[in-house]
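Let me begin by presenting the structure, written as structure tokens, before commenting on it.
Nothing in this text is a laboratory measurement; each read-out follows from the coordinates by a stated rule. Small disclaimer: the values here were computed from a predicted structure and weren't measured. Every residue, glycine among them, receives a Cβ derived from its backbone with ideal geometry; neighbour counts consider all protein chains shown.
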Amino acid sequence: MEEEEEKAPEAKKPKGKLLFIVLGVVVVAAVGAGGVFLGPKLMPKAEGDVQAEPAASAQDSTIALTASMHAIVVDLRDQEGSIHHMKVVLSFELADGVTEEDFKKFSPRGREAAISYLREQSFESVTDPKNFKKVSEELAKRATDGIGAKRVQRVLITDFVSQ
């Protein structure tokens, strides 16, 4: 009987420690969640903070139906003659009234135009960060011309990877 009495207090000690640990974890999680949600609202703004201008105009505030082409993969040569692979994925915001099914009928033309343009470029010209805007604009123009400007509202480069 004495052995049973000695075991009973030992069994209660782990429950107390476990309850303390669980209570501590719950309190820490609650404080962390409160910090995540309330922290930005409670932080004072620095005097030097500048509000960024919204990048999209009022015309861009509505999002049109979008359709994507399969990834375009081309081989480009650099100045030394080495071959590099480039992968580009284009997504298109479709013009009003154009369905994805209609777009798919003409997308091979846009894909061919995009591939032709990329194959004309050197690896250095396409991958130079200074040229990205020019390359993306010309790529969008060629793809749009291939598909038909009446079907495309905007072209987005959703993937641009080179090796």
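Results, tabulated for the structure shown:
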read-out	value
Phi-based couplings in Hz for region 135-147 (Karplus 6.51, -1.76, 1.60; Gly and Pro marked x)	4, 5, 5, 5, 4, 5, 4, 5, 5, 5, 4, x, 7
Compactness of region 82-152, expressed as Rg and Dmax over alpha-carbon positions, Å	13.3, 45
Exposure proxy ranking, count of Cβ atoms within 10 Å, fewest first, for F132, F160	F132, F160
Amide H within-cut-off set for L65, under 5 Å, with H built and near neighbours excluded	L94
